[in-house]
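This report concerns only the one structure given below.
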Amino acid sequence: MLSENSRITNRSGNFKRTVGTTDGRRSRQQTTLHIRKQRKDEQLRNKRSQVHIMDENNNIMSMSNVLRGRKATVADIPQLATVITGSQSTAVDKLEATKCLRRLLCKERNPPVNDILNCGVLPHLVYNLTADPEDYSLIFETAWVLTNVATTNTKEILAEGAAGPLVNLIVHDSPDVREQSMWCLGNIAGDGVEARDEILRHSPFPHLKRNLEKPSTLSLLQHCLWCISNLCRGEPSPDRSMTDPIVYELAITMDKLLGVSDNDEALNDLLWAFSYLSRGDEATINHVMGTGIHFKLITLIKKKRPKVLMAPIVRILGNFVGGNDNQTDCVISAGLFDCIPNLLASTSANVRKETCWMLSNIARGSPEQASQLLKQRQIMESLVDRASHDWWVVRTEAIYVITSLLQSNIRTSVVVPLLAVGGLGSLVRFLEGPCADVGLVKDVLEAIETILDFGMKNTEVGFTHMLDEYGGIALIDGLQEHENEEIYGMAVRILENYCGAEDVDENLAPTADSDTGAFAFGVKKQLFDSDGVPPSFEF
Amino acid sequence: MAAPYDTQLEQLLLSAAAGDKNAEQQFNLAQEQNFLGSLQSLVNIFVADGANPMARQLGGLMIKNSFFAKSEEVAKINQKRWEQLDAAARDSIKNPLLQALRNPERVVSHTAAQAAAEIAAIELPYEEWPAFLPSLLENVRDPKYPDSVKAASLECLGYSCDRIATLDKVVDEKTTDGMLNVIIDGISANRPNQVRLAAAAALRNSLGFAEKNMEKPEECTAIMNAIMEATRSQDPQVRMMAYEAIVQVAVLYYGKLQEFMTNLYQLTTTTIQSDTEDNVVKSAIEFWTSLCEVEQDLIDEAQDLQARGLQPETTCMQYVAAATTHLVPILVTTLTKQEENADEDEFTVHMAGQLCLTNIAQTVEDVIVPVLVPFIQQNIQSPEWRLRDAAIMAFISELEGPSQATIGPYVQQSVPILLPLLNDENEIVRDSAAHCISRICLLHVQYIPGELFPAVMQALDAKIKEGSPKVASQAASAIFNLAQAFRSTEEQETNILSQYMQGLLTSLLSSADRPDGDESNLRVACMEAISELISVAAQDVRPMLSGALPEFLSRFEQTFNMSVLSPEEKNRRDQIQGLLSAVIQSLYRQLDKPTVAPHTDRAMYCLMQVLSNKSSNIQEECFSAISAIADVIEADFATYMDQLIPLLLAGLKNFSAYQVCIVAVGTVGDISRNIEGRIQPYCDSIMAVLIECLKDQSIHRSVKPPVLSCFGDIAMAIGGAFQPYLQLSMMMLMQAGSTKVENVDDDIIDYLNMLRESVLEAYVGIIQGLRDGNVLQEFGQYVGPVLHFLSDIAQDPHRDDYVLSKAVGLLGDIAMTMTPILPQLKTELNQPFAAEIVREAISSADQNTVETAQWASQILNQAINSS
């Protein structure tokens, strides 16, 4: 009993522990619980919406001859189709049969889309969209069925000519119908440029704009934005004459969304729409920047909103700074640099990559812009860090910023600040990597050459020893074996011009050791003398 | 004074001692019938000098076991019985025991100590044994008693304290004073070692009651000085126990450490550096390990309180951070004391040191990095294997705690160095290197340089194939951890793992088959890595996975032919079947219905075969796999119900292994959702077992919420056919919903919220089900109480978001479905509580809750305003 109370007895067992069945089980349990919750929610959503639409004619089982009081299954689809297509069927039965189809399609897994397409009911469904403009319920249910079909198959829907009627329904009297038709069109447009253009032929934007102006519910607004976003997406972009009128309305909607509650999903769609709309020539960018959204976007970044929103925001700002000098200046003076550190530290590699891409647009801008960027020490440090320690795609973009700076007109004033944040190291480390892009390797070598050249002309000892500390000479030495002649030539040139006479000091400390200075933080109170004098406590 | 003793009992005890189960049962039965009598006969034998010594000792132990039995229930019943005896009857047992404590025979006094401690633990909290402490004090102080009696008396005290704490009781100040007097007397330096040891142990156990004494500076100092003095004893056991008492002080009285910290630092570091006894060194290290845990808790608590605008009661003094620069280098030296032939469960100094460093890193975070880095860099490529290994272990210890920005760059640099160490000439080094990569995959996968990723994968694959069981098991764990990093709730078309999938699965499977698969957890690690890889596989791997399904099923079928003659063989078979069930589950979560359809008969056959064979640990996996199958094949699952139902019921009845019970309840819900009305023929028996679960008092409470929400799943599946169960289930639900607790702590609040959430889920399911069956009017009589329940929830300050979300949904359901039948509900729904629930839910942070609330708000308005 003496040792039973000891904390040590419970200590063993974790040493070099390997994976056990409990670890696996925990992970599987998460999956099970996630799926269970999803399916429960789905089941309830169906039940609740089912009731919602039936209140008027409170009678589910009116197709008693088809279903005999039970719930419809996939096997009933052909019969349901007969009811919908049949000239004898009553309006009530048609509605009920359509609802049954919709419920069958609402399953998240394996919805029976093909069964429905195969039974030839699609033309009738499209017909029902316009057959009786007063029959809101039938139109709504039909649009819902088409929405779900469109998640897996848009070709046949478009072939049946659904685009025109659906576009007209965007301004239907019933908000439910409006919402459902926009949802459906959004799904179709998301399938690709061809599907998108088929819808654009029917001029949906004026209709969509009216819904933006007066959205009857938040959910309707969300689907409206989803539709707009998908209609703007894809290259070539839709003609500006179509999209220009909607830009201001989108900016106003963004204000509304930011003002009310935080609806990130709607906001996300809206931002993506802007990212597509801001892609293009100076005039296109001007039109979008005319709304002043860059101010709001920068505020959004500073507020650290969820990272899903960051991706489109960075894309939009990147498009802006890729415009002319004036446009870039506007974004910079709106406070862009203040929020870059947040973005470069994002947990999303995509956001970090896009941010670097944005910075490369600035680096290749006017000399003033490049030198403004250079003065941002925190950004430059973080950029060098991204260029050295990150996923390869991010590193490539970050390196591109550095080489762009060294190619700019102000390259001579770039060298010293860049060296101060370890930029040379990042260039060298990049050469160690698996870069397949010969052009970029050349840029990097040229950048190194620019630095060495500057060192030779402006300092007594030059910068060759720094290059060597980073292991660069050995690497460039190796590049003499490169299959590309130009790279080979550049390597030879660098070695001959800058490294030939230099006596390399083998005793330089490895870099990792020399940066312990970076760790002088975090200790609240130094309580022991560092030379080993017995400590005395003063708490 | 030799009392006559029962020779029959003597024989019985001897038979029981010889392993005769029958004798033991016979005794238990006698005790059941006559509690006091049986104790008296035992005590009589115990104190009878003439009786067989073995029977005497056993008699004493039986008294102890009467209150400290294998089954907690029996012990509790006997404690109650004891409390109901009158004072004279209790004295007839207690007095002889106190007497026996003074017996010069070590065996007798030692046994008496254990038996008396059990009774003291029951009586001291009620001040029912005033003679106890004075008698012990006399034993310790009076020179006429031999050291063995003094030691036994102190042991008795130590046991009593331990038992009082386990029984969750406290003793008053006076009693504690008495105890500490005895103990401090016993621990002093002039006492012989056996007495000091017993006193130190008693002190460790009694510290929990010494709060008042520790508050008084002079007593606190006296106690601390006595323990610190004892760490310098000649006897290693005394030194170890003294450190254990110090650890206890650090955990219980952190706020009092300040004055003693300089001394404690010196004592522990001197011991760690120079004590020759491993057990003492480990206890000294444990002081710092425990101190780290205390400080971590304090830091977490302070952050938590700060977020709520409150001040913590105890502030973290950052002793560990202050000591880091000096303590860490000392601990690092323990890392070079690897034991090449240590048992797997043995806790060595090397392990204690590593654990302590790990804890320090988690406590001081970035501060440890500059202290450890020089050691790691100097030694990770040392020609001496102990140093190489120590460097790796030091690095592992700082992987968790420091910020990503600080440790990330080192991780990045380490990978190219660790890869060759996987092929080190020394196995311990290889093992550590593989473990290090595994930890990196778990904690810092993004710092594995992208360009080295293929090399890492290749190296791990090679180790899985040809490493020793230890190293291969680490490599498989690395793959498991790596796979976890790819978990995503969204479908992925492809991911980086896709190209390695085929190769890894092949290597892992062939290593799981290795004849040495039992060693070092190799088989488990390989198979779990396979399951995890399957779970995170992207779409482009599915064709390959569909080919794997029949292959794994064949393996599963072969397990039924395995030889299971010895327990080891049976364990191995069970383990393999559990692992294969997990793989099947993961595959069914990935594949679609047309792909699995031709194989499902085989899969179900295997799983049902395993279920019909009892081994709780695999049953969970089987039921989970069955849930996965039902979710894919949906309505077609009904064909298996006839065969499955007895096994499912057995799982639901498995009250003792409550985890199995919970998983089985979940499976019932999943099946119901998938086969809907076709579960109806089985509902009588299922409902009966579920009700039994709810009624059972001894069942683990966490079973109850899932059972309640399962009512809702069943009702939704069978609709109108739920009617026969309506009354009973509503009674249960209303009772569960009205559960109230006086003293709320966080655990209870969590539990009550879970309970309420499940009650709400059940109500929703039942209403929807009855509605589908057109018999909703049956629910009419319950609407009042249900609305009352909702209004309770509206006022509950501890209500969590899940409860709120379910509550607002239920409100909407009632408004929508019940108001057409019961128009008077309009007034009842037009109450502040309903508006309150909707308002709270609409401003929730959870999007789903907001949507449900918006829907419910609309419905409520319609219902209330319709004429």
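All of the numbers you see were taken from the coordinates with simple rules; none came from a lab. Everything numeric here is computed off the predicted structure, so don't read it as measured data. Here the Cβ positions follow ideal geometry from the backbone for every residue, glycine too, while neighbour counts run over all protein chains shown.
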ask   = In the structure displayed, which of A:K16/B:K463; B:K76/B:K740; B:K174/B:K216 lie more than 18 Å apart, Cα to Cα?
value = B:K76/B:K740
ask   = Taking the Cα centre of the stretch B:254-320 as the origin, how large is its charge dipole in debye, to the nearest 20, when only Lys and Arg (+1) and Asp and Glu (-1) carry charge on their Cβ atoms?
value = 180
remark   = Mean projected area, convex hull of alpha-carbon positions in the stretch B:538-666, reported to one decimal in nm², is 8.0
message = When only alpha-carbon atoms are used, what values of Rg and Dmax, in angstrom, describe the stretch A:282-354?
response = 11.7, 34
message = If neighbour count is taken as other Cβ atoms inside 10 Å, put A:I8, A:I188, B:I223 in order from fewest to most.
response = A:I8, B:I223, A:I188
note = For chain A, the Cα gyration tensor yields equivalent-ellipsoid semi-axes (√(5λ), largest first, whole Å) of 58, 33, 22
inquiry  = Just to confirm a number: summing +1 for Lys and Arg and -1 for Asp and Glu over residues other than B:S468 whose beta-carbon lies under 11 angstrom from that of B:S468, what do you get?
reply    = -1
request  = Identify the GluC sites (Glu not before Pro) of the stretch B:372-432 meeting these criteria: DSSP loop state and at most 11 other C-beta atoms within 10 Å of the C-beta.
outcome  = B:E384, B:E425
query = Per the Debye formula with a single identical scatterer at each Cα and no solvent contribution, what log10 I(q)/I(0) holds for the stretch B:179-232 at q = 0.15, 0.18, 0.29 Å⁻¹?
reply = -0.35, -0.51, -1.23
task = Quick one: dipole size for the protein assembly as shown, taken about the Cα centre, charges +1 on Lys/Arg Cβ and -1 on Asp/Glu Cβ, in debye to the nearest 20.
result = 2920
query = If you bin the C-alpha pair distances of the stretch B:392-472 every 10 Å from 0, what whole percents do you get?
reply = 19, 54, 24, 2
task = Would you mind calculating the relative contact order of the stretch B:538-666 from Cα pairs under 8 angstrom and at least 6 residues apart, reporting the percent as a whole number?
result = 24
query = Over chain B, how many percent of alpha carbon pairs lie in each 20 Å bin up to the one with the longest distance?
reply = 12, 31, 41, 16, 0
key: For the protein assembly as shown, with +1 on Lys and Arg beta carbons and -1 on Asp and Glu, the positive-most of B:S188, B:Q404, B:Y145 along the dipole   = B:Y145
task = Read phi for every residue in the stretch B:860-865 and hand back ³J(HN,Hα) as whole Hz from Karplus 6.51 cos²θ - 1.76 cosθ + 1.60, θ = phi - 60°, with x for Gly and Pro.
result = 4, 4, 4, 5, 5, 8
remark   = Excluding residues fewer than 8 positions from B:K653 in its own chain, the lysines with Cα under 18 Å of it are B:K614, B:K695, B:K704
The protein assembly as shown: C-alpha pair distances exceeding 58 Å, % = 33
request  = Return a whole-number percent for the relative contact order of the stretch A:414-503, with Cα pairs under 8 Å and 6 or more residues apart as the contact set.
outcome  = 29
task = Determine the principal axes of the Cα atoms in the stretch B:526-609, then give the extent along each, sorted from largest to smallest and rounded to whole angstroms.
result = 43, 26, 16
inquiry  = In the stretch B:558-636, if the dipole is taken from +1 on Lys/Arg beta carbons and -1 on Asp/Glu beta carbons about the Cα centre, which of B:L579, B:S566, B:T595 is farthest to the positive end?
reply    = B:S566
ask   = In chain A, which longest range has no trypsin sites (Lys or Arg not before Pro) that are both DSSP loop (not H, G, I, E or B) and surrounded by at most 15 other Cβ atoms within 10 Å?
value = A:305-523
Convex hull (Cα only) mean projected area of the stretch A:121-277, reported in nm² to one decimal = 8.3
key: Convex hull volume per residue in cubic angstrom - Cα atoms of the stretch B:794-867   = 73
ask   = Across bins of 5 angstrom width beginning at 0, how are the C-alpha pair distances of the stretch A:180-269 distributed, in whole percent?
value = 3, 14, 28, 26, 18, 9, 2, 0
message = Using Cα-Cα distances under 8 Å and only pairs 6 or more residues apart, what relative contact order does chain A have, in percent?
response = 6
inquiry  = Report the Cα centroid-to-centroid distance between the stretch B:766-840 and the stretch B:701-760 in angstrom, as an integer.
reply    = 15
ask   = Taking the Cα atoms of the stretch B:305-450, what is the range of coordinates along each of the three principal axes, in descending order and whole Å?
value = 56, 37, 28
message = I'd like to know how the stretch B:687-783 sits against the 2.2 N^0.38 Å rule of thumb: what's its Cα Rg over that expected value?
response = 1.09
ask   = When we measure straight from the Cα of A:K47, which lysines land under 25 angstrom away, once same-chain ones fewer than 8 places off are left out?
value = A:K37, A:K71, A:K94, A:K99, A:K107, B:K593, B:K806, B:K826
